[in-house]
Amino acid sequence: MNHIGQKIAEELECRRIIRKADWWNRYMKGVIPFLGLGIPEIRKVLLELNQSEKMDQLALNQQVGLVNGLMKGSFAEEKLAAILYIQLFWLGKMKNMFLVNLISDWFDDRYILDWNTADWLCVRLLTPMIDTGDSQVILKLKQWNLDPYLWKARSSLVPFAQVSTIPDYSREIWQFSNILIRREERFAKTAVGWVLREYSKHDTEFVLTFLSKHVRYTTAEVKRNALKYYRQSLRP
């Protein structure tokens, strides 16, 4: 980690909130340690340091070293800081494929080890990239979908839950869900339930048909999530 990345990590640690950290450590069952900072606090640290250090004006290789160092960090908040850095200073300015390839390396290097980091990455970075309509992003996610590493495969589908034109991606959602629902890992399956839940707002029959065709692989948790809004609509 370069010296500015180290400053960010040190500032995050200085602002740790023990009570919140303890709650998150229990909730995540010790998969990754927490400092107890939320997204607003992490964002504030980045903006404050950018004022003094002009991070977004550094040479690109220095900025890449900064975000890679943060993502390699031990604490969840360091990894979230890497994601927020890209959202604040790079998204919409850098080419999508540069960002997707950088993120792909994070998965391959096993810097992402938990659903919290993976899902924040999906919502903050990958969803906006899909919303640009960049077909190259979709092709890259198609490759991720087949990856043996759980968190990379999960992150191929989760970003579609919040895209602004989700019905436009029915084919991708079906194909990617078809792969993930057949995997044994719980968090591969729950990605399917989450995205189908959002898709059901637009096309209930799509969701019901998918579930009926994949009943052999579908858990109660997936059904509960996927059918949440459908079941609410049936209530008198």
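Shown in residue order for the stretch 63-75 are the 3J(HN,Hα) couplings computed by the Karplus curve 6.51 cos²θ - 1.76 cosθ + 1.60 at θ = phi - 60°: 5, 5, x, 5, 5, 5, x, 5, 5, 6, x, 7, 8 Hz (x for Gly and Pro). Hull volume per residue, based on the alpha-carbon atoms of the chain and their convex hull, is 135 Å³. Among Ser52, Ser135, Ser156, the largest mean-square fluctuation in a Gaussian network model of the chain, built with springs joining Cα atoms closer than 10 Å, belongs to Ser52.
The relative contact order of the stretch 133-236 comes to 24 percent, based on Cα pairs under 8 Å that sit 6 or more residues apart.
Which pairs break 27 Å Cα to Cα here: Lys95/Lys189; Lys95/Lys142; Lys44/Lys228; Lys72/Lys201; Lys54/Lys79? Mind showing how you got there, number by number?
Values: Lys95/Lys189 31 Å; Lys95/Lys142 19 Å; Lys44/Lys228 35 Å; Lys72/Lys201 37 Å; Lys54/Lys79 20 Å.
Result: Lys95/Lys189; Lys44/Lys228; Lys72/Lys201 exceed 27 Å.
Could you work out the relative contact order of the chain, using alpha carbon pairs under 8 angstrom and six or more residues apart, expressed as a whole percent? Walk me through the intermediate numbers first.
Details: 282 pairs, mean separation 30.1, N = 236.
That works out to 13 percent.
Amide H to amide H, with H built 1.01 Å from N, Met94 comes under 5 Å of no residue 5 or more places away or on another chain.
Remark: relative contact order (the stretch 79-143) = 49 percent; criterion is Cα-Cα distance under 8 angstrom and separation of 6 or more residues.
Only helices enter the 222 nm calculation for the chain: every DSSP H run of n ≥ 4 contributes -39,500 (n - 2.57), and dividing by all residues gives -19000 deg cm²/dmol, rounded to 500. With respect to the chain, whose longest principal axis is taken over its alpha-carbon atoms, helix 18-27 is tilted by about 30°. Taking Tyr27, Tyr169, Tyr85 in turn, the Gaussian network model of the chain (Cα-Cα springs below 10 Å) assigns the largest fluctuation to Tyr27. The aspartates and glutamates whose alpha-carbon is closer than 17 Å to the alpha-carbon of Lys223, local same-chain residues fewer than 8 away aside, are Glu184, Glu185, Glu198, Asp203, Glu205. Extents of the stretch 118-236, largest first, come to 43, 30, 23 Å (Cα atoms, principal axes, whole angstrom).
A short reminder: the numbers here are calculations on the coordinates, not readings from a lab. Predicted, not measured: the structure shown is a model, and the values here were computed from it.
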